[in-house]
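The values are calculated or read from the model by the stated rules, or taken from the named source; none is laboratory data. Please read these numbers as outputs of a predicted model, since none were measured by experiment. Methodologically, a virtual Cβ is constructed for each residue, glycine included, from the backbone with ideal geometry; neighbour enumeration extends over all protein chains shown.
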Amino acid sequence: MKSAKGQIKNVYAVRLEAGEDIIDGITKLCEQCSIRHGAIVSGIGSLSKASFCDPAPFPEKPGGYGYGEPIVLEGGIELISLSGVICEDDNNNVSLHIHGAFADGEGKSYAGHLVKENYVLITVELIIEEFENIYMARKLDEERGMMLFTPIQI
């Protein structure tokens, strides 16, 4: 287990507008407000397009698993829940790891790891917390062969 203890520095209430990409919108906010260490603690809304991945077997990878090809839903998609971590990569850039739960027009539910092209239909409402005294990093985990969340105490 890896862990670190810190405090909430700021809380941001955010509304993304119709047509915005969720990842681009959150990245833009983080860059404008210098948020590098935090969490997306709540997110709801509607999407015109949802793009996400789920775990798939990759026998050639050290951990045997990775994210598969994107699943794409189009049309009116309900964003039931969104959460994730806001980290910093080795080049001091914002690095997001976000998961979401969705429902289509017939109420069938889906969930997974967000990739680009999740476009807001009407609105997406978010609560984001910025942390202090924790370095939130995404680093290569050699055992799994993937970039993984690595909290570091500062």
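List of remarks:
- In the range 25-53, the residues that are surrounded by 14 or more Cβ atoms within 10 Å (Cβ to Cβ) and charged (D, E, K, R): 28, 36, 49
- Residue list for the range 102-147, filter: hydrophobic (A, V, I, L, M, F, W, C), over 19 Å from the mean Cα position of the chain (by Cα) and within 18 Å of residue 52 (Cα to Cα): none
- Residue under evaluation residue 107, criteria (1) assigned to a strand (DSSP E or B); (2) surrounded by fewer than 19 Cβ atoms within 10 Å (Cβ to Cβ), criterion not met: (1)
- Residue in the range 65-82 that is over 18 Å from the mean Cα position of the chain (by Cα), of a type in the set (Phe, Trp, Tyr) and not in a strand (DSSP E or B) present: no
- Test: residue 39 is at pLDDT 95 or above and within 13 Å of the chain's Cα centre (by Cα): yes
- Conditions (1) crowded, with 16+ Cβ neighbours inside 10 Å; (2) within 24 Å of residue 142 (Cα to Cα); (3) hydrophobic (A, V, I, L, M, F, W, C): number failed by residue 77: (2)
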